[in-house]
Amino acid sequence: MRVILERLFVEHIPAQHHGLEQLLRDAPADVVIGDDCFLGLLPMLLRPPSTRPPVVCFGTSILHWPREDGAPDFLGLPPAARPAEHAVTIRDHDRIVHQPLARRLNHCLHELGLGPIASPPFETMVRLADLYWQLTVPSFEYPRPLPSSVKFIGTPPIIPKQAPIPPWAGDLDGKRKVVLVTQGTVANHDFNLLVTPTLAALANEPDLLVVVTAGGRPVEDIPGPIPGNARLASYLPFEWILPRTDVFVTNGGYGSVNQAMSFGVPLVCAGLTEDKADVNMRVGWFEVGINLETNAPTPEALRDAVRTVLDREKYRRRALLMSEEFRMTDTRGEIVRGLDRLFQNVAHRPHAASISAK
């Protein structure tokens, strides 16, 4: 974990920062909006607000803010049932991950004439952003005090018609329950992790239709044999398939999990890479589905989980309650109102026109 955080995120800060600075010299901006994982924003955030444009971050993963039980991110730890339950893990994480990462990060910031900082980089992004849009609803986050800058804005509207409706669309006629399966677009290099065992698990279930989206890879890359109750596509339009889905089997990509919940679809999750252990722990904890807590589930475990989600009303009920919360969230309005407030603040700053160029 430490090596990944250093090499994929911290080591890219100088190049990202200098590229952003050059861009702002060429095209001064009144507001900068960035992904929470783009740590090239961190040097800008460490400067006084009067010397830079306001910075908005999109929380495209779990909310990186300290939990009351102190559990670190990326380990998929459930909320502690008793005090100090995670004490040993917290201590080891601090020694093995946090302290070495902090040294590397602060050395990088020192080279830019900034820092040091004491908190982890993603937490610092939340702490310093002028506005932090978390792409979910409050009920999908563990309750704890949050900065006033954090706003839960639901999930962005799905851009329609990004993929064609498949030729087998007529097979989704309501006569069979639909199980949608995907490994997303990042951790889909090996379909044997989730897609293949799900196809095997449900091959002999005549009341189920198993729909696989390959995340952009050719369907020919999915290892056979392909059961007769399976339907495959390289991409699928989510706005079309999710209203027709009864269970969503996924490795736990944050965006697709939230989109599924916004349609009231319960989940079966199996994934431990990137942020998926934490995403899937929330799925199980809030009972919008079942978390199998593995990267390579067996067909038997998948079959049992899918059947449990279909047969027990509580999962569908919890997913529908979550979808109502998404429906009541005005995503577009929150974004527009937030930007309007920031534009007004910029307009009232002294020498506002020169801020972006500094």
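The values are calculated or read from the model by the stated rules, or taken from the named source; none is laboratory data. For clarity, every value in this text was computed on a predicted model and none was experimentally measured. So basically every Cβ, Gly included, is an ideal-geometry build from the backbone, and we count neighbours across all protein chains shown.
Laid out as a table, the results:
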{"quantity": "Residue that is in contact (Cβ under 8 Å) with a residue 40 or more places away in the chain and in contact with a Gly (Cβ under 7 Å, 6 or more places away or on another chain), where the choices are Asn258, Asn291, Asn280", "calculated": "Asn280"}
{"quantity": "Of all residues in segment 238-257 being outside any loop (DSSP other than H, G, I, E, B) and out of contact with any helix residue (DSSP H, G or I) (no Cβ under 7 Å at 6 or more places or on another chain), the one that is nearest to Thr213 (Cα to Cα)", "calculated": "Ile241"}
{"quantity": "Odd one out for Asp173, checked against (1) in a helix (DSSP H, G or I); (2) free of Cβ contacts under 8 Å to residues at least 24 places away in the same chain", "calculated": "(1)"}
{"quantity": "Single match in Glu21, Glu11, Glu6, Glu68 (criterion: in the same structural domain as Leu135 (by TED's automatic domain parsing) and at pLDDT below 95)", "calculated": "Glu68"}
{"quantity": "Which numbered condition Ala277 misses (of (1) touching a strand residue (DSSP E or B) at 6+ places or on another chain (Cβ under 8 Å); (2) hydrophobic (A, V, I, L, M, F, W, C); (3) in a helix (DSSP H, G or I))", "calculated": "(1)"}
{"quantity": "Residue that is surrounded by the most Cβ atoms within 10 Å (Cβ to Cβ), among those in segment 125-162 that are farther than 24 Å from Gly289 by Cβ and small (Gly, Ala, Ser)", "calculated": "Ala129"}
{"quantity": "Matching residues, segment 202-237, being surrounded by fewer than 22 Cβ atoms within 10 Å (Cβ to Cβ), assigned to a loop (DSSP other than H, G, I, E, B) and either outside the structural domain of Pro299 (by TED's automatic domain parsing) or of a type in the set (A, V, I, L, M, F, W, C) (or both)", "calculated": "Ala203, Ile222, Ile226"}
{"quantity": "Arg127 being assigned to a loop (DSSP other than H, G, I, E, B), over 18 Å from the mean Cα position of the chain (by Cα), basic (Lys, Arg) and closer than 30 Å to Ala27 by Cβ", "calculated": "no"}
{"quantity": "Restricting segment 239-255 to residues that are farther than 24 Å from Asp207 by Cβ and surrounded by 24 or more Cβ atoms within 10 Å (Cβ to Cβ), the residue that is nearest to the chain's Cα centre (by Cα)", "calculated": "Gly253"}
{"quantity": "Any hit, segment 182-195, residues being of a type in the set (Phe, Trp, Tyr) and buried (at least 19 other Cβ atoms within 10 Å of the Cβ)", "calculated": "yes"}
{"quantity": "Whichever residue in segment 80-103 is in contact with a helix residue (DSSP H, G or I) (Cβ under 7 Å, 6 or more places away or on another chain) and buried (at least 16 other Cβ atoms within 10 Å of the Cβ) and, among such residues, is farthest from Thr294 (Cα to Cα)", "calculated": "Leu101"}
{"quantity": "Segments classed as helices (runs of 4 or more DSSP H), wholly inside segment 306-358, with at least 1 members that are at pLDDT 95 or above and surrounded by 12 or more Cβ atoms within 10 Å (Cβ to Cβ)", "calculated": "313-327, 331-347"}
{"quantity": "Criterion (out of contact with any helix residue (DSSP H, G or I) (no Cβ under 9 Å at 6 or more places or on another chain), farther than 17 Å from Leu209 by Cβ and in the same structural domain as Leu199 (by TED's automatic domain parsing)) met by exactly one of Thr273, Thr308, Thr298, Thr294", "calculated": "Thr273"}
{"quantity": "Output for segment 149-168, where each listed residue is within 21 Å of the chain's Cα centre (by Cα) and in a loop (DSSP other than H, G, I, E, B)", "calculated": "Ser149, Ile153, Gly154, Thr155, Pro156, Pro157, Ile158, Ile159, Pro160, Gln162"}
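Rundown of residues vs (1) among the small types (Gly, Ala, Ser); (2) touching a Lys or Arg at 6+ places or on another chain (Cβ under 6 Å), yes/no style:
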{"position": "Gly170", "(1), (2)": "yes, no"}
{"position": "Val181", "(1), (2)": "no, no"}
{"position": "Ala187", "(1), (2)": "yes, no"}
{"position": "Leu193", "(1), (2)": "no, no"}
{"position": "Thr196", "(1), (2)": "no, no"}
{"position": "Asn204", "(1), (2)": "no, no"}
{"position": "Leu209", "(1), (2)": "no, yes"}
